[in-house]
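**Student:** Provided herewith is a single structure, encoded as structure tokens, for subsequent inquiry.
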Amino acid sequence: MKKTKIIFLLSLVILIISTLYVPVKAGDLLSIEATTSDTRNIHISGTTDSDVYAIILRIYYIENADTLTTEDEFIAAHKTIDVRSIEVTNNTYDLTIDLGQEFNIFGYNGLLVYASDYDGGSFKSTIVQYINTSPTNSDSDTTSNKEESNTITEVTTANSFEENIETEAISISENVTTNTQNEKAANDNIDTGDFSKSVFYLILLLIVLGVIILELNKNKKQL
Amino acid sequence: MRKVNLKFKRLICFFIAIILLFCLDKNNYLHQVKADNETHVFNISPVGKIYTITEKFDNTYSIPDNNYTLDLSNTSRNSPAEITEFIYQTKLKIEPNTTNNATITNIEALDVNEKAVTITSSTDNDNSYTLEFNSFFYDNVVFEITDSENEKYYLKINRYAAIISTNFDNIDDPTPTTKKVFANLYLDEKEEAGSEVVNLTTLIKKVYNDNSYDFDYASVELNGSQNLVITTNTYRACQFSTEVDSNVKEVYFITTRPHWTSKTNGIITGSGMGVKYDISTKKTTY
């Protein structure tokens, strides 16, 4: 009986601790899309998980990426065009940003958008896609196809440097690295709170089961 | 019979007039008679881990208080009373002053998502309410406080991480020749502001007189070869700066928190483009 009481009290203490321990949970961006039809007004939209209250958006312009030969050159070529934070409503964000001037986003030039949870968490990035809204005819079709083809090339180019760009975006003091193990470690760090809470509940469940089994055994013996 | 009808009509008109009077916005059309001993004073104080910031890099700026006793009479949605609190002070308590006749019946955060601020009334029978900000994004929120007399009061809570200061009084003064705007950045002591590798980065947007703008990184102010930092048991601080001249009219500071290699840890300098500093008026907008 004494043993059961101790276990019961212990489970209560664990329950209280697990309730008090509220981890700071960073949210995640689930998707991002950025388009333009005039190379000046950028429409950005996407979805987040329910832990995201706001996101930070950063738009870069990179010119003549094919002429860059070193990583430092590539990082230096990223010109910040706009930075702003916006509130997320019903797990979605949607806004149009007027960059104030047109940018040449064809060939090896491009506009890049980075978005992350305002309070931390993972980020999403995308290249701004050109949407041709002009009337279609045979000539413009050819141009459009060419532009589309160029855009795809840009995506490939941008993706190969993606993590480097993000590192530059968030820090000028750290070495640039694409170590995926670090990313995993970062993931683990951020989700530690949730994991700990799950462990607490698991222990609690095991204790409760233990108490029930003990009581059942006791009743069996008495019978 | 006609007399009765007339009396009846007059009575109806009288009631319609009364109803109309009550339908009008009483704040705009009816003069409120305030009792001599009636006050609308509220106390605002931090809850949980309390940050009492006193240390400064120099005397060119002052640190906002964290306890306030405010008379919220004559406040409106567009002209609220304002206070400024440390951004890491995520929980604040609002309660009516003991001199108040009325009690708080409701507090609402205006113009933000429903889950932006968690507002809970106390179970201690002291009529206090706790406001908990759920994101660093919400650095200026207006609250509507309703009392038991159905009066409404408005309080804007600004939240700071960076206190802006300058090394000049007027941008056109001949000295100092190198004019700087400083972001004195205060953080929880657990943030890595004092480490040799400062993971904080501050991005700056400078807006010029012709409304053009550019972006740059702020410089970390140094004490010799070390980063200029303040370290206490509850908070830390470091100083960023940027040079300005008479062509610059506004500077925005936005700071990213310490982070891992490929994951950000968020932003601490508030909504929009961060903290805005007007060079001519020397006013900071959160």
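The values are calculated or read from the model by the stated rules, or taken from the named source; none is laboratory data. Keep in mind that this is a model prediction, so the values were computed, not measured. No Cβ is skipped: glycine too gets one built from the backbone with ideal geometry, and neighbour counts run over all protein chains shown. Only protein heavy atoms, including side chains, enter the accessible area calculation; ligands, DNA and RNA are left aside. Shrake-Rupley method; radii C 1.70, N 1.55, O 1.52, S 1.80 Å.
**Student:** Using 0.36 nm per residue of separation minus the Cα-Cα distance, give me the extension gain between residue B:126 and residue B:278 in nm, one decimal. Don't skip to the end; give the middle numbers.
**Tutor:** Working: separation 152, 0.36 × 152 = 54.72 nm, distance 4.15 nm.
So the extension gain works out to 50.6 nm.
**Student:** Can you send over the solvent-accessible area of residue A:62, 1.4 Å probe, protein chains only, in Å² to the nearest 10?
**Tutor:** Approximately 10 Å² of residue A:62 is accessible to the 1.4 Å probe.
**Student:** How many angstrom lie between the C-alpha centres of segment B:66-127 and segment A:32-90?
**Tutor:** Centre-to-centre (Cα) distance: 37 Å.
**Student:** Residue B:97 to residue A:40: FRET efficiency via 1/(1 + (r/R0)^6), r the Cβ-Cβ distance, R0 41 Å, to the nearest 0.05?
**Tutor:** Details: r = 54 Å, r/R0 = 1.31.
Here the calculated transfer efficiency is 0.15.
**Student:** Less than 10 Å Cβ to Cβ from residue B:126, Lys/Arg counted +1 and Asp/Glu -1: what total charge do the surrounding residues give?
**Tutor:** Values: positive: B:93; negative: B:95, B:124.
Every neighbour counted, the sum reads -1.
**Student:** Hey, got a sec? Which trypsin sites (Lys or Arg not before Pro) in segment B:86-147 land in a DSSP loop and have at most 16 other Cβ atoms within 10 Å? Before the final figure, lay out each step's value.
**Tutor:** Values: sites: B:91, B:93, B:115; in loops: B:115.
The qualifying sites are B:115.
**Student:** Assuming R0 = 22 Å, can you tell me the calculated FRET efficiency for the pair residue A:134 and residue A:101, based on Cβ-Cβ distance, to the nearest 0.05?
**Tutor:** Details: r = 20 Å, r/R0 = 0.92.
It comes out at approximately 0.65.
**Student:** A follow-up question, please. For a label point 7 Å from the Cα of residue B:119 along Cα→C-beta, name the residues of segment B:38-59 whose backbone N is under 17 Å from it.
**Tutor:** B:41-45
**Student:** Between residue B:243 and residue B:180, what is 0.36 nm times their sequence separation minus the Cα-Cα distance? Round to one decimal in nm.
**Tutor:** Numbers: separation 63, 0.36 × 63 = 22.68 nm, distance 0.44 nm.
So the chain would gain 22.2 nm between residue B:243 and residue B:180.
**Student:** Also, I was wondering about something else. Report, in listed order, any pair from A:79/B:56; B:91/B:206; B:56/B:283; B:56/B:205; B:152/B:206; B:56/B:190 with a Cα-Cα distance greater than 30 Å. Kindly include the intermediate steps, with their values, before the conclusion.
**Tutor:** Details: A:79/B:56 34 Å; B:91/B:206 33 Å; B:56/B:283 19 Å; B:56/B:205 25 Å; B:152/B:206 39 Å; B:56/B:190 19 Å.
Beyond 30 Å between Cα atoms: A:79/B:56; B:91/B:206; B:152/B:206.
**Student:** On to the next question. Starting from the Cα of residue B:169, step 7 Å along the direction of its Cβ; do the same at residue B:212; then give the gap between the two resulting points in nm.
**Tutor:** Result for the modelled spin labels: 3.3 nm.
**Student:** Okay, next question. Considering only the other residues whose Cβ falls under 15 Å of the Cβ of residue B:251, what net charge follows from Lys and Arg at +1 and Asp and Glu at -1? Walk me through the numbers on the way to the answer.
**Tutor:** Numbers: positive: B:179, B:180, B:205, B:206, B:249, B:276, B:282, B:283; negative: B:214, B:216, B:243, B:245, B:250, B:278.
Taking every Cβ under 15 Å from that of residue B:251, the sum is +2.
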